[in-house]
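Report on one structure; see the data block that follows.
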2 protein chains.
Amino acid sequence: MSIPEDHPRYRSLMTRERLAEMVGKGLVNPTGLISHGRGEAFDYLMGERTLGASLRAERAAAAYLIRARNPVVCVNGNAAALDAKRLIELARVIPAKLEVNIFHRTEERMEMLISYLESEGADEVLGRDPDSRIPGLSSDRALCTKEGIFDSDVILVPIEDGDRAEALVGMGKVVISIDLNPLSRTSRTATVSISDEMSRALDNITSFVRGMSRGDAVSEVEGFSNAENRRATVESICANLMREFEGGH
Amino acid sequence: MSIPEDHPRYRSLMTRERLAEMVGKGLVNPTGLISHGRGEAFDYLMGERTLGASLRAERAAAAYLIRARNPVVCVNGNAAALDAKRLIELARVIPAKLEVNIFHRTEERMEMLISYLESEGADEVLGRDPDSRIPGLSSDRALCTKEGIFDSDVILVPIEDGDRAEALVGMGKVVISIDLNPLSRTSRTATVSISDEMSRALDNITSFVRGMSRGDAVSEVEGFSNAENRRATVESICANLMREFEGGH
């Protein structure tokens with residue numbers, strides 16, 4: 001598969017090829033490519049940069065993570081394939097536990113993903129031996145560990161399915177989502193809804209965690225309204241769409 | 001891979017599984033799943049129904065196809081996998097030639113796609129033995145047949161790459177695109193830009209072709225402004241986005 005280097009979307013197409021390769025290795029489920037495409041579309045509508053509202057949500061996310069008793073960073077196939085290193089770095093800086101949790105669960109894929117994260121530098125990754133279930137989910141997606149997801153008070157879920165996001169909120173947890181679609185069920189449900197490309201979001205949250213005191217975190221959380229922030233996100237996307245249209249024609 | 005039937009997006013997830021299977025069979029390139037996901041996102045923003053502006057473009061498309069000297073319906077892997085039957089039916093009703101033209105070209109995939117279309121009821125499918133090139137393209141995407149794409153005056157390109165759309169317009173052809181993203185290079189470049197889900201678009205164009213006289217087609221083409229129509233599409237998407245946001249929260 002040779003993509004000509006003079007193709008105007010060469011880099012984006014190369015990222016696609018890389019993800020497609022991850023499917024070949026079994027790390028990413030084929031339908032995960034469709035999810036990635038959905039995300040790409042929203043990123044495109046945002047001008048492929050972090051919106052002001054998204055940065056605000058990323059700061060609030062950092063504050064919640066700093067204040068947490070048992071914070072957990074959740075990792076699925078797409079997230080690991082897109083940027084394992086930044087997920088590991090954020091977990092290290094908070095510090096938070098890492099737990100692999102996937103929609104299309106097989107023991108083989110779990111082992112592969114956990115080994116992959118370890119090879120990318122993670123010290124300990126939970127998820128190999130689940131001993132708990134998230135209430136209200138009917139499939140293997142419910143499986144988790146007690147010390148990780150089950151007992152967490154604040155949980156970061158990059159690229160999460162709507163069902164699981166709802167079930168986690170139903171358990172009383174603070175759920176921080178990274179989902180480019182601000183209207184998805186996940187974004188509608190989360191306590192803090194970050195609509196941004198995952199790598200950019202992780203970079204920003206990590207920087208905020210590094211620079212924020214516990215005192216700052218308390219007032220940050222108090223001053224944040226997720227509903228208002230989601231509205232600002234949607235309005236920015238509309239403004240971008242019209243601007244793109246005017247610019248392109 | 002079992003998706004629980006109580007999952008709220010069960011049907012959409014099943015379509016995804018089907019496309020993923022087509023990847024397994026070699027009909028769809030893995031990166032085609034990402035393109036599908038991008039489309040899904042825009043369809044979602046349109047409320048998963050045909051916008052008024054899209055219907056207007058579909059009528060104009062029918063008019064151009066009726067008036068054409070040598071109309072061609074172009075088919076790639078995604079288009080064939082999504083709805084071969086409707087592509088074949090439209091070509092039959094116009095009547096137009098069918099030609100397979102793919103981005104990731106191998107002889108094996110070409111043969112597989114053409115055989116697949118034949119098994120779905122197509123009489124003749126061009127593309128097996130390309131004898132011409134679309135000027136200005138550096139890869140195998142340039143390959144086409146003289147009697148089909150090369151000599152066509154009006155060409156329907158569902159889910160087309162921006163480079164090829166530009167090159168076809170550069171050859172002086174009337175290019176009709178079906179692309180859910182109204183801001184894509186393909187949509188910006190096409191003579192008639194249809195932003196609609198492919199199956200819905202094909203149904204509508206087929207109905208218009210059936211009901212339109214040659215006289216109607218002339219005035220239809222004269223009265224159509226693609227630039228105005230694209231603006232109406234983008235405005236509808238924005239209105240939908242805000243409505244969705246208000247409805248969901």
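The values are calculated or read from the model by the stated rules, or taken from the named source; none is laboratory data. Computed from a predicted structure; not experimentally measured. So basically every Cβ, Gly included, is an ideal-geometry build from the backbone, and we count neighbours across all protein chains shown. SASA here: full protein model, heavy atoms, side chains in, ligands and nucleic acids out. Shrake-Rupley method; radii C 1.70, N 1.55, O 1.52, S 1.80 Å.
Here are a few things to note about the model shown:
- Of all residues in the stretch A:22-32, those satisfying the criterion of being assigned to a helix (DSSP H, G or I) and either open to solvent by 30 Å² or more (accessible area, probe 1.4 Å) or not hydroxyl-bearing (Ser, Thr, Tyr) (or both) are A:22, A:23, A:24, A:25, A:30, A:32.
- For the stretch B:158-178, filtered to residues that are in a loop (DSSP other than H, G, I, E, B) and free of Cβ contacts under 8 Å to residues at least 24 places away in the same chain, the residue that is most open to solvent (accessible area, probe 1.4 Å) is B:172.
- The stretch A:33-54, subset open to solvent by less than 10 Å² (accessible area, probe 1.4 Å) and facing chain B (nearest Cβ under 10 Å), residue farthest from residue B:33 (Cα to Cα): A:45
- Of the residues contained in the stretch A:105-113, one or more are found to be in a loop (DSSP other than H, G, I, E, B), open to solvent by 30 Å² or more (accessible area, probe 1.4 Å) and free of Cβ contacts under 8 Å to residues at least 24 places away in the same chain.
- Looking across the stretch B:122-149, the residues that are in a helix (DSSP H, G or I), open to solvent by 70 Å² or more (accessible area, probe 1.4 Å) and either under 14 Å from residue B:97 (Cα atoms) or at pLDDT 95 or above (or both) come down to B:146, B:147.
- Hits in the stretch B:158-190 (condition: more than 14 Å from chain A (Cβ to nearest Cβ) and at positive phi): B:172
- Residue within the stretch B:11-18 that is part of a helix (DSSP H, G or I) and either more than 14 Å from chain A (Cβ to nearest Cβ) or buried (at least 24 other Cβ atoms within 10 Å of the Cβ) (or both) present: no
- Number of the exception - residue A:155 against (1) assigned to a loop (DSSP other than H, G, I, E, B); (2) away from chain B (no Cβ under 12 Å); (3) of a type in the set (Val, Ile, Thr): (1)
- Any chance residue B:82 is open to solvent by less than 20 Å² (accessible area, probe 1.4 Å) and aliphatic (A, V, I, L, M): no
- All told, residue B:138 falls short of being on the phi < 0 side of the Ramachandran plot, in contact (Cβ under 8 Å) with a residue 60 or more places away in the chain and of a type in the set (S, T, N, Q).
- Count of the stretch B:200-249 residues which are away from chain A (no Cβ under 14 Å) and assigned to a helix (DSSP H, G or I): 21
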